[in-house]
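Where a number appears in this text, it was derived from the coordinates with a stated rule and is not lab data. Keep in mind the model is a prediction, meaning the values are calculated, not measured. Cβ atoms come from the backbone with ideal geometry, glycine included; neighbour counts cover every protein chain shown.
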Amino acid sequence: MCSELFRIPLTWGNVPIFGAGVLLLVWAVFSVLGLKTTARVVGWSTALKAHLPTIIIVAAAITFFVPNYFPDGVPIRGYGMMVLLGSIAGIGLSIRRADEAGIPGEEIMGLAVWMFIAGVAGARLFYVIEYWDDRIRQADWSSTLKAALSFTEGGLVVYGAFIGAMIGFTLYMRRRGLPVLPLCDMISAGMLVGLAFGRIGCLMNGCCYGGESEAPWAISFPRESAPDMVSPPYGEQAASGAFYGFHLKSSNDDGAPAIIDRINDHSVAAAAGLKAGDRIAKIDGNTLVGVAGAETLIYQAFMQGKPLTIVTSDGATHQLPGIKPPPRSRPVHPAQIYSTITASLLAWVLWSYYPFRRRDGEVTALMITLYPIARFLEESIRVDESPVFGTGLSISQNVSILLLLAAVGMWVWLLRKPAGNLVFPQTAVASS
């Protein structure tokens, strides 16, 4: 786990880096050179339409946003770095596929910028909506805005990224007058490659983790992911009672009753007489109004090494001794590694299938068929998302079902079209 790699200071000595400084100058030079290179291929008008909005947005971020919201320097997070590397790898793969069809790489670069910005916005918006009460809303709007925009340290939801990226893709296609399905087929494998890198970033950040496991390949996370910041798996286990040997039933409803879901054999909780199904009424003399209150009290007692007194709804009192917080979490499934392997395999399948497609859109349909199935299964291992909408399924599992239904409809529509009528026929199957 490596949440923060290093920090870029706002100034180096007396030389400003951000604001009206060195980085803005470098960005201006890079932008001019990039525009000139693109203009040689597609002309100045097209180059400006494709890239000028991005140039302005980045320049504004360097000049105004960063100095105001990162006064102590810009933290370079392991998660953000892996997302960036994944984007580069995915774009490179897509450019190679586009070259085979005679599409300029600059066109893919322009598309990638639109998809990247829209994808990050969609991923963060999805996360902010899902975790508004638990992790985003702060005491004042300035702190809330900063929490909502701190996406480089984690908090990007894949399905939000997919929805956002598809909106960016559609807008770019309409703007440039390019065929939608053929281009979508070209970039499908690259999108999964980007996801594979992104999940490594999740591992470095400590998010998207799995449930407890005794498997030999299970991993643990340190108590702190950064100074004064408890890592997500450790914090979740501390709040749910895992270090005492019991686990509260998870719920998205903070007012839901605090019910013990399971008890570990030979644990402190088992020795105290707690049983699965017990409903907690009081903790350390505090009457509970919901599971959120229970998690807060359990977390505080554990992190301070204090004894825990639990009174269940039947009136029984259970005394749990104080525990010294260990340096690492209990072992969990490396769900992030599972996801990386899965995304890599799916990317290979899509890349290999592309030369043999018979209709434009088949690769895309294959992607939205296989990935929802894989994601649905992965969610059964993860414990960082609670059931929603009364379905007993996480929000990602619900979206997976909807996307799979859309895939069925897409296959029905595609298979009614004549085979072999490709906008960009594959002429180099052997070389691919």
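Here are the numbers:
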quantity: FRET efficiency estimate (nearest 0.05) - Cβ-Cβ, SER380 to ASP140, R0 45 angstrom; calculated: 0.70
quantity: Other-chain or far-sequence residues with amide H under 5 Å of ASP261's (modelled H); calculated: HIS247, LEU248, LYS249, GLY277
quantity: Estimated distance in nm for a label pair at ALA60 and ALA276, the labels positioned 7 Å out from Cα along Cα-to-Cβ; calculated: 5.4
quantity: Normalised convex hull volume, segment 1-132, alpha-carbon set, Å³ per residue; calculated: 141
quantity: In Å, descending, principal axis extents of the Cα set of the chain; calculated: 77, 63, 36
quantity: Net charge contributed by nearby residues that have their C-beta within less than 11 Å of LEU415 (K/R +1, D/E -1); calculated: +3
quantity: Relative frequency of Cα-Cα separations exceeding 24 Å in segment 123-282, percent; calculated: 54
quantity: For the chain, calculated [θ]222 nm from helices alone, where every DSSP H run of n ≥ 4 adds -39500 (n - 2.57); calculated: -17500 deg cm²/dmol
quantity: Percentage relative contact order, segment 227-320, counting C-alpha pairs under 8 Å, at least six apart; calculated: 27
quantity: Pairwise FRET efficiency - ALA215 versus ASP99, Cβ, R0 = 51 Å, nearest 0.05; calculated: 0.75
quantity: Inter-probe distance in nm under a simple model that places probes 7 Å from Cα toward Cβ, at ASP228 and ALA28; calculated: 3.8
quantity: Under 29 Å between alpha carbons - lysine pairs in the chain that sit 8 or more apart or on different chains; calculated: 10
quantity: For segment 65-74, Karplus couplings with θ = phi - 60° (6.51, -1.76, 1.60), whole Hz, Gly/Pro x; calculated: 5, 4, x, 7, 9, 10, x, 8, x, 8
quantity: Amide hydrogen neighbours beyond the local backbone of VAL423, cut-off 5 Å, H modeled; calculated: ASP360
quantity: Whole-number percent relative contact order across the chain, with pairs defined as alpha carbons under 8 Å at least 6 apart; calculated: 16
quantity: FRET efficiency for ASP261 and TRP44, using Cβ-Cβ distance with R0 set to 41 Å, rounded to 0.05; calculated: 0.05
quantity: Inter-site label distance for THR11 and SER352 at 7 Å from Cα along Cβ, in nm; calculated: 5.8
quantity: Tail fraction, Cα-Cα pairs, segment 227-320, threshold 21 Å, whole percent; calculated: 22
quantity: For segment 41-57, 3J(HN,Hα) per residue [Karplus equation, 6.51 cos²θ - 1.76 cosθ + 1.60, θ = phi - 60°, Hz, x = Gly/Pro]; calculated: 9, 10, x, 5, 4, 5, 4, 5, 4, 6, 10, 4, x, 5, 4, 5, 4
quantity: Relative contact order %, segment 291-432, counting alpha carbon pairs below 8 Å whose residues are six or more apart; calculated: 21
